[in-house]
Amino acid sequence: MKNHILSQTLESLQDEFLKWGEARWRAGQLLDWIYRKHAGNFDECTNLSKALRQKLKDNFSFYIPPLLQQCDPGDETRKFLWKLEDEHLVESVLIEAPSESAEDGPGRKTLCLSTQVGCAYGCKFCASGRSGFVRNLTAAEMVEQFLGIERWNRSLSPTRTAPERLISNIVVMGMGEPLSNYEELLRALALLNAPWGGGVGARKITISTSGLVPEILRLAAEPEQYRLAISLHGASDSVRSRIMPINRKYPLDALLAACAEYQRAKGRMISFEYILIDRLNDTPEQCHALAAIANRFRAHVNLIPYNRVEGCDFKRPGQDVIQGFYRELLNLGISATLRQEKGGDMNAACGQLRLRKMQDLKRGPGSS
Ligand code: SF4
């Protein structure tokens, strides 16, 4: 099977071009077509000779998954559903948000990237975990989510002159547990971070994990300065274990020790994600325990009211409880944000678009 062109680095392409008797600098031209001009096949790279384009076709795949569905759940998010070469479905989300700093430019456009088809970790509130693990994504399939959205953006401009770059930030928080696909994840992020590739700064890339302790420690030892987000969702072992099976393997003590090591190695780069679920983790006791954890790391807390997932009995707390939890965190001196999505929409929750489409496909034509 041919390697995918999107898995290649500048250096690997330069080596290949030299073997073919081509000039090394032509590799830079090719990458410029892919990452800046958003070419979708080798024939679009018109300043490469026909002979070179043929060599590329003979040696590399340039498969682009079709965009099966694109929806706008009504807030600042836009969801994309891709059909992979083996027909599996994978989801990406584009999130628009105002800038937090001058460094961010006029407004952040964040890609929420998937790393696996399905997920083995079975968190009780999550649509992605409900259909089980299917397979890891390759680095090229992760890079393609980035480029697919960039191409979609360019296609909206009638003159195809949209800005070279739409996406400013990446959060690896889509379908799958990223750290269980460690090598391919790091390979993809290196391509998306490279100046000749995606060009997204390492500090604008956040990896979110449900808490794989050995891989957090491994990541702490890597040279890259990626940010780390922990899907916490419970501030005590008893509550966390009820909703996240991973907590039985790596309880809070072990997880927080790994976070401390990550912070020691990288500086202040940890945040906590916390989905608020009615009468489960929305109590004053959980709020105070969460504040104590966040305070220990001087970490930001991202509160997300629960989004309904088909087949799951959890409920979103009432607005008064959500606001009370949020205000209490702020009163306790914690830096926190409350993400108010239009959660009544079933498609708004992570992994839901794929789950819905799979159910439609099983039901047969005319069901969507
Ligand atoms: S929350 Fe993340 S780790 Fe848990 S089941 Fe969903 S995708 Fe997997």
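When Arg268 is tested against (1) in a loop (DSSP other than H, G, I, E, B); (2) of a type outside the set (Asp, Glu); (3) more than 16 Å from Ile230 (Cα to Cα), exactly one condition is not met: (3).
Of all residue pairs spaced 6 or more apart or on separate chains, those with beta-carbon atoms under 7 Å, a first member in segment 123-143 that is more than 12 Å from the ligand (Cβ to nearest atom) and a second member that is open to solvent by 20 Å² or more (accessible area, probe 1.4 Å) and among the basic types (Lys, Arg) are Ala139/Arg187. Residues that are in contact (Cβ under 8 Å) with a residue 12 or more places away in the chain, open to solvent by 20 Å² or more (accessible area, probe 1.4 Å) and in a helix (DSSP H, G or I) do not occur anywhere in segment 162-177. Pairing residues of segment 190-203 that are in contact (Cβ under 8 Å) with a residue 60 or more places away in the chain with residues that are open to solvent by less than 30 Å² (accessible area, probe 1.4 Å) and assigned to a loop (DSSP other than H, G, I, E, B), at Cβ distances under 6 Å and at least 6 apart in sequence or on separate chains, gives Leu191/Gly197. Can we say Leu56 is at pLDDT 95 or above and either among the aromatic types (Phe, Trp, Tyr) or surrounded by 15 or more Cβ atoms within 10 Å (Cβ to Cβ) (or both)? The answer is yes for Leu56. Scanning segment 234-288 for residues that are open to solvent by less than 40 Å² (accessible area, probe 1.4 Å) and acidic (Asp, Glu) returns Glu273, Asp282.
All of Leu185, Leu156 fail the test of being closer than 21 Å to Ile64 by Cα and within 15 Å of the ligand (Cβ to nearest atom), apart from Leu185. The residues of segment 290-329 that are surrounded by 12 or more Cβ atoms within 10 Å (Cβ to Cβ) and of a type in the set (S, T, N, Q), listed by number, are Asn295, Asn302, Asn307, Gln323. Glu85 satisfies every condition listed in (1) surrounded by 20 or more Cβ atoms within 10 Å (Cβ to Cβ); (2) away from the ligand (no atom under 13 Å from the Cβ); (3) modelled with pLDDT of 90 or more except (1).
Of all the numbered requirements in (1) at pLDDT below 95; (2) of a type outside the set (Val, Ile, Thr); (3) assigned to a helix (DSSP H, G or I), Leu185 misses one, and that requirement is (1). For segment 237-257, indicate whether the set of residues that are under 30 Å from Lys109 (Cβ atoms) and within 12 Å of the ligand (Cβ to nearest atom) is non-empty. Yes: segment 237-257 contains one or more residues that are under 30 Å from Lys109 (Cβ atoms) and within 12 Å of the ligand (Cβ to nearest atom).
Taking segment 106-157, which residues are open to solvent by less than 30 Å² (accessible area, probe 1.4 Å), modelled with pLDDT under 95 and of a type in the set (Gly, Ala, Ser)? If the condition is that a residue be open to solvent by less than 30 Å² (accessible area, probe 1.4 Å), modelled with pLDDT under 95 and of a type in the set (Gly, Ala, Ser), then Gly107, Gly118, Gly122, Ala127, Ser128, Gly129, Gly132, Ser157 are the ones that fit. The numbered conditions (1) without any contact (Cβ under 8 Å) to a residue 12 or more places away in the chain; (2) surrounded by fewer than 15 Cβ atoms within 10 Å (Cβ to Cβ) are all true for Ala39 except (2).
Between Leu353, Leu330, the distinction of being at pLDDT 95 or above and either part of a helix (DSSP H, G or I) or of a type in the set (Lys, Arg) (or both) belongs to Leu330 only.
None of Asp313, Asp278 is modelled with pLDDT under 95 and outside any helix (DSSP H, G or I) except Asp313. Of all residues in segment 200-208, at least one satisfies being farther than 16 Å from Ile270 by Cα, open to solvent by 10 Å² or more (accessible area, probe 1.4 Å), out of contact with any Cys (no Cβ under 7 Å at 6 or more places or on another chain) and part of a loop (DSSP other than H, G, I, E, B). Scanning segment 6-25 for residues that are at pLDDT below 95, out of contact with any His (no Cβ under 9 Å at 6 or more places or on another chain) and open to solvent by less than 40 Å² (accessible area, probe 1.4 Å) turns up nothing.
Residues that are among the polar types (S, T, N, Q) and over 25 Å from the mean Cα position of the chain (by Cα) within segment 279-328 comprise Thr283, Gln286, Asn295, Gln319, Gln323, listed in sequence order.
The values are calculated or read from the model by the stated rules, or taken from the named source; none is laboratory data. Note that this is a predicted model, so its numbers are computed, not measured. Please note: Cβ atoms are built from the backbone with ideal geometry, for glycine as well, and neighbour counts cover all protein chains shown. Heads up: the accessible areas ignore ligands, DNA and RNA and are worked out on the full protein's heavy atoms, side chains in. Shrake-Rupley method; radii C 1.70, N 1.55, O 1.52, S 1.80 Å.
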